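Beneath this line is the structure, given in structure tokens, with notes to follow.
The values are calculated or read from the model by the stated rules, or taken from the named source; none is laboratory data. Since we're looking at a predicted model, the values are computed, not measured. We place every Cβ from the backbone using ideal geometry, glycine too, and count neighbours over all the protein chains shown. Only protein heavy atoms, including side chains, enter the accessible area calculation; ligands, DNA and RNA are left aside. Shrake-Rupley method; radii C 1.70, N 1.55, O 1.52, S 1.80 Å.
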Amino acid sequence: MRRFAGKTVLITGAAGSLGADLSQAFAREGAGRLYLVDRDEARLGELSTAIGRSAIAVRCDLTSVSDMRQAWDGMDLASGIDVLVTAGGTLGSGKPLLEVDPEEFDQMLSLNVRGTLLAVQLTLAALRHRKGCIVTYGSTAGLTGSRALGAYSTTKGAVALLTRSLALSLAEEGIRVNSVCPGSISSPMLEQNFAAAGAEAEMRRQMYQDLHPMKRFGEANEVTQAVLYLASDAASYTTGVSLPVDGGRLA
């Protein structure tokens, strides 16, 4: 039985490697309508074509408040949303925290934190209509400090507490809010992190791998399966949780 048969799902950051894997999984699980939100119009088009008729591509810059409001106004959400997933995010340049300039830090905050909150605010009426649920994308970097990715860790720490605060705010309405927290997942974003180390890229790669007791990086589908669980009826009494998918890194 398909877990999301006939459900309406909205995913931000849908064209990224993790978002695209998740979008296709929701389609396989029977979602009747998939709103796929991302600023990468070309990749978004390819993804929606691959998924088929249930996919609705919505081009939107999640760092722009006006762009987000315009995009949400253009979506027909009157019949409600069953699942909102906020997968949009950025690693930033990967510079050490004390070297990150204010403009870059503001950009990271606007996408990783404000973009998450605004997506919830703009979708809330539709979620209330169906008593839907929310899954945010956090990170293991947001559950502990990070020397290498201090700015990213800071923003994802904010997402972790935002998730808990939303869970408390919406619990009485029956709207669950949880967060998936990937460790190091094989993806372009991870490769970007290694590349930022320059000549020490391979040293950083080995260091990251050694941090995971399972001695490998995760795969996108392993994160996807955690999100599908949190969004499903199997997690009906679960809210305010930050679920690490990290090969035991935080054990």
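Probe radius 1.4 Å, ligands and nucleic acids ignored: give me the carbon and sulfur share of the accessible area of the chain as a rounded percent.
Heavy-atom surface of the chain belonging to carbon and sulfur, 1.4 Å probe: 52 percent.
Starting from the Cα gyration tensor of region 75-148, multiply each eigenvalue by 5, take the square root, and state the resulting semi-axes largest first in whole Å. Provide the component values of the computation, followed by the final result.
On the way: eigenvalues 192, 34, 11 Å².
Those come to 31, 13, 8 Å.
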Practice problem: Tell me the trypsin sites (Lys or Arg not before Pro) within region 51-111 that lie in a loop according to DSSP and have at most 16 other beta-carbon atoms within 10 Å. | Solution: 53
Exercise. Measure nothing fancy, just the Cα-based angle from helix 150-170's long axis to the longest principal axis of the chain, in degrees from 0 to 90, nearest 10.
Key: 30
Quiz item: What is the sum of charges around residue 29, taking Lys and Arg as +1, Asp and Glu as -1, for the other residues whose C-beta is under 10 Å from the C-beta of residue 29?
Solution: +4
Quiz item: Taking the mean number of other Cβ atoms within 10 Å as a proxy for protection, how do you rank 207-219, 148-160 from highest to lowest?
Solution: 148-160, 207-219
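Find out how many positive minus negative residues lie around residue 18, taking Lys and Arg as positive, Asp and Glu as negative, among other residues whose Cβ is under 11 Å from that of residue 18.
-3
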Quiz item: Once both labels are modelled 7 Å past Cα along the beta-carbon direction, what's the residue 191-residue 173 spacing in nm?
Solution: 4.1
Self-check item: Modelled FRET efficiency - R0 41 Å, residue 98 with residue 221, Cβ distances, 0.05 increments
Solution: 0.70
Practice problem: Calculate, for residue 65 and residue 41, the FRET efficiency according to 1/(1 + (r/R0)^6) with r their C-beta to C-beta distance and R0 22 Å; round to the nearest 0.05. | Solution: 0.65
Practice problem: Check cross-link reach from residue 7 to the lysines: straight Cα distance under 26 Å, and skip same-chain residues fewer than eight apart. | Solution: 131
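Rounded to the nearest whole Å², what accessible area per residue is found for the chain with the 1.4 Å probe?
47
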